[in-house]
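Notes follow the structure.
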Amino acid sequence: MVQPDIQSILEQYPQPKRENLIPILQAVQECCGYLSQESMIQIGNRLKLPVSKVYGVATFYNQFRFQPRGKVHCQVCRGTACHVKGSAKVLEALKQTLKIEPGQTTRDGMFSLEVVACIGACGLAPVVAINGEFHAGVTPDSIRKIIKSYAKKGGDNGGVE
Amino acid sequence: MITIHVNNRPVEAHPGETVLDALKRAGVKVPTLCHIPGLSPTGACRLCVVEVEGMNGLVPSCAFPVSDGMKVQTHSARAVRARKTIVELLLASHPDDCLYCSRNNQCQLQDLAAELGVRERRYAGERTHHDLDVSDPALIRDPDKCILCGKCVRFCEEIQGVAAIDFIHRGSRTMVTTAFNQGLNVSSCINCGQCITVCPTGALREQSHIKEVTDALRDPDRFVVIQHAPSVSVTLAEEFGMKPGRDVCGALTAALRRLGFDRVFDTAFAADLTIMEEAAELVHRIRNGGRLPMMTSCSPGWIKFVEQFYQDFLPNLSTCKSPQQMLGAVIKSYFAQKEGIEPSRIFSVTVMPCTAKKFEASRPEMSLDGLPTVDAVLTTRELARMIRLRGLDLANLEPESADTPLGERSTAGKLFGVSGGVMEAALRTAHYMLTGQELPELKLQKLRGLKSVKQARVEIAGQEYGVAAVSGLANAAALLDEIRAGRQDLHFIEVMTCPGGCIAGGGQPIGTNLDAVRARMKVLYQIDRDEPIRTSHGNPGIQRLYAEFLGEPLSERSHHLLHTHYTVRDVVP
């Protein structure tokens, strides 16, 4: 369903140059929200690169996702200040509650989890950004409640789409 | 020539070469884990570090060029300490199950730990765990044992042009795996097994068929036959400490009988059969305007490669099955009939220099009336393990000859073990088929040697033909690209997946180097020089098989038993 968009991105790079790989990956993620396997195969074909190489480069960088984002996207800050204030436990609580690992999306497509380096809100540490909204000074208990409230709302409030 | 000083002694060096190459020539041993001679250096493992006067840090000798007057210390206290620390750090995240490892006693990491005197675990840290990948019919990946040297990655990409595997993630999460970290079975892997032979540890190994074979040997209702490939008899001795370049065909046959096989056949017989069919097919294509250049089909890694990456060349592939599969089919038809044995009772084993043969044997189109024609495939290494387990002393076994029928061979069939050999064998018979006369000179020097691309022009009956023998699939791919771009002077191309041919196959002894390959090649050509029957059509066993059973090459029965078809294969490219 998103193929035509990828095609138009690829057409902007008529020559198969491997240095175009990262800009293309970024553009495809920008347009589709994540890098699907099909998109990486298409990119590999276009650049005459083996897909193992495309996937290798893409996984090297934290900025690329391989599953579509959930309706509710949780970004856990793991910067230094947040770490000191206990973000590891917050992340653990989120992983347990959502039953997913960072980079993954729940099967119902509701929640996705991402670990980010400092998001520049150290004064609010530990901080979790949910659909762009910052939740300050969270604890494992409070983040569980926050997730519950999003689950109840069904992601309508400030959903991505 | 320039001079460098190594450990206070002058050493001659070529300008532009690496320090490591100069050291090797001078006989100074510096350990390496990631170096592959001839491939791009990566400096990944850093075990080859040396001290160079005037440089602040240690330098990796594999990636550092020589310069005139340079002063190198290879075993200074600092260099040795650095190497030891590197090995200790590698061991910190390496499983401790050496005794249970497929590469116990054949592991470079183990050797280095012993050499450097590592006696305690100084670093203990968190270990990552990855599941075994057993999805593939030929190979097993054990990423826990991977030390990330990248040799498999480079070989797969630079020599084979496949690039089924690469590094993913980074830092402590780095691992070598397929695209999308899926099973090897859905990747573009061609099962050549060269990754096993370059792997310094036990991170890659073949799917072993030893248990299936042992079970069949113990089953009184099973009639167990075995065939051994042309190159196995010239490499097996190395597994038992003998020098490369020794043919132990007779002792091998004796060992197989001692292991309990009911019949011992020679795959070189089937190689002769392949030549009869393939030469007839070539003659047919030339006379009837069929698709040319025809390409050989005995190397299963190459076949999968074409099915995946060069599908427009599928009609160029000879329809002949490989010798392994031809003999498998003949065993479960002609032989079964002749001996009055129900084909379903026969358990057909092969010993191959090759891991891709395991995949080939499992291809559904290779079966006959619902039965697989080859039930189990052992590599040279696996057979050596079985012989050791049985306590046989290969060096002192009285030579025996193979069983008839299906055990006699010409030297042409034996040449299947070496790059260029299939072509040479095929031309001898094609010449005979086209002119009714033998080639005046059976030896085709231009098709011999370790060059990866060998080309020749051959005149048969006043007509000139272009032939080529290629090994290493990146070279084959380059040739196919030339043909796509319009090259038209070639009529017949032999392709072997592994560089040098089956004598350097992915199932051959660990630790194979260029000198060993050269010695193996030499002994195969010696056999061809010294024995009387040098053409496939001159093999009396082959003549009998056609007279009694097949009729003639390309007959209906031949087509049914000895020929196959290929499929477009959809894998992650």
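Yes/no per residue for (1) under 24 Å from B:MET295 (Cα atoms); (2) touching a Cys at 6+ places or on another chain (Cβ under 6 Å); (3) of a type in the set (Gly, Ala, Ser):
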{"position": "B:GLY340", "(1), (2), (3)": "no, no, yes"}
{"position": "B:GLU382", "(1), (2), (3)": "no, no, no"}
{"position": "B:MET386", "(1), (2), (3)": "no, no, no"}
{"position": "B:ASP393", "(1), (2), (3)": "no, no, no"}
{"position": "B:THR411", "(1), (2), (3)": "yes, no, no"}
Quiz item: So B:ARG122 fits all but one of (1) of a type outside the set (S, T, N, Q); (2) away from chain A (no Cβ under 14 Å); (3) not in a loop (DSSP other than H, G, I, E, B); what number is the exception?
Solution: (3)
Quiz item: Looking at segment A:70-161, what strands (runs of 3 or more DSSP E) fall wholly within it and have at least 2 residues that are in contact with a Pro (Cβ under 8 Å, 6 or more places away or on another chain)?
Solution: A:72-77, A:111-116
Quiz prompt | Subset of segment B:536-567 that is outside any helix (DSSP H, G or I) and under 24 Å from the mean Cα position of the chain (by Cα) - its residue that is farthest from B:THR274 (Cα to Cα) | solution = B:THR567
Quiz prompt | Answer from B:GLY501, B:GLY538, B:GLY551 - the residue that is within 24 Å of B:SER231 (Cβ to Cβ), at pLDDT 95 or above, small (Gly, Ala, Ser) and touching a helix residue (DSSP H, G or I) at 6+ places or on another chain (Cβ under 8 Å) | solution = B:GLY501
Quiz item: Restricting attention to segment B:246-270, which residues are surrounded by 22 or more Cβ atoms within 10 Å (Cβ to Cβ) and in contact with a Lys or Arg (Cβ under 7 Å, 6 or more places away or on another chain)?
Solution: B:VAL264, B:ASP266, B:ALA268, B:PHE269
Self-check item: Pair list, Cβ < 6 Å and 6+ apart or interchain, from segment A:28-57 residues that are over 14 Å from B:GLN182 (Cα atoms) to residues that are assigned to a loop (DSSP other than H, G, I, E, B) and of a type in the set (Gly, Ala, Ser)
Solution: A:PRO50/B:ALA163
Self-check item: Every residue from segment A:88-100 that is touching a strand residue (DSSP E or B) at 6+ places or on another chain (Cβ under 6 Å) and either surrounded by fewer than 20 Cβ atoms within 10 Å (Cβ to Cβ) or farther than 17 Å from A:LYS148 by Cβ (or both)
Solution: A:LEU91, A:ILE100
Practice problem: Say whether the condition of being within 30 Å of B:GLN437 (Cβ to Cβ) and in a loop (DSSP other than H, G, I, E, B) is met by at least one residue in segment B:458-479. | Solution: yes
Self-check item: Entirely in segment B:330-438, the helices (runs of 4 or more DSSP H) that have 2 or more residues that are in contact (Cβ under 8 Å) with a residue 40 or more places away in the chain and surrounded by 18 or more Cβ atoms within 10 Å (Cβ to Cβ)
Solution: B:356-361, B:380-389, B:411-414, B:421-435
Quiz item: How many residues are assigned to a strand (DSSP E or B) and either among the acidic types (Asp, Glu) or within 13 Å of chain A (Cβ to nearest Cβ) (or both) when one looks only at segment B:168-225?
Solution: 6
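The values are calculated or read from the model by the stated rules, or taken from the named source; none is laboratory data. Quantities reported herein were computed from a predicted structural model and do not represent experimental measurements. Ideal geometry is used to build each Cβ from the backbone, glycine not excepted, and the neighbour counts take in all protein chains shown.
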